[in-house]
Amino acid sequence: MSADDTDRRILRHLLADPMLSTADLAGRAGVTTATCWRRLERLRGEGILRGQEAVIDWRALGYEVEVSLRFTLDKTDPRAFDEFLAAAREVPEVIGIETFLGRVDVRLNVIARDMAQYQQIYRRRILTLPHIADIEALMLIATIKEAESLPL
């Protein structure tokens, strides 16, 4: 089942303010609380609404450095992807992992408190990841647009 206009209205208001209670969300979407609750449960059950999450401002917590690392893997070993991804998940400073088709196979987003800590993480935890053929580093300077949402 796909989302109808009421579902989209609920989702629009939820995106605008994820902290709304179900009753407040229902009021803004123009439905009863019971209807809103049932619709949210159905949207979760169908995998449309996968969850709500905390968005952390890492810089406010003292992490001043964010680097996007692009990896090309040595794919001569059929387990290269799985082994690389499993090892990357174990690095606590890796806050994002994405895979791609094309020249770049994997991108890791890494945070550190300062450049000295980043160098330690890079040398001890990143360069020791398995199956690396090439690495390209991009230092984040500014985030211009973070949350992109499609019109509902």
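Nothing in this text is a laboratory measurement; each read-out follows from the coordinates by a stated rule. Since the structure is predicted, the reported quantities are computational estimates derived from the model, not experimental observations. Cβ placement follows ideal geometry from the backbone for every residue including glycine, while neighbour counts extend to all protein chains displayed.
General remarks:
- Extension reserve of the Glu98-Arg50 stretch, reckoned as 0.36 nm per residue once the Cα distance is removed: 15.5 nm
- Once you reduce region 20-68 and region 70-124 to the center of their Cα atoms, the two points are 28 Å from each other.
- The chain: most fluctuating residue of Leu69, Leu85, Leu40 per GNM, C-alpha cutoff 10 Å: Leu40
- Overall Cα dimensions of region 3-152, principal axis frame, Å, largest first: 55, 38, 24
- Point-charge dipole on Cβ atoms (K/R +1, D/E -1) for region 1-71, about Cα centre, debye to 20: 240
- With the convex hull of the Cα atoms taken as the outline of region 5-45, the averaged projected area works out to 2.4 nm².
- Under 10 Å, Cβ to Cβ, from Val104 - net charge with Lys/Arg +1 and Asp/Glu -1: -1
- Candidates Glu41, Glu66, Glu93: whichever shows maximal mean-square fluctuation once the chain is modelled as a Gaussian network with Cα springs under 10 Å: Glu41
- The chain: calculated mean residue ellipticity at 222 nm from DSSP helix runs of at least 4, using -39500 (n - 2.57): -9500 deg cm²/dmol
- Size of charge dipole - region 67-117 - debye, nearest 20, with Cβ of Lys, Arg +1 and Asp, Glu -1, no other charges: 180
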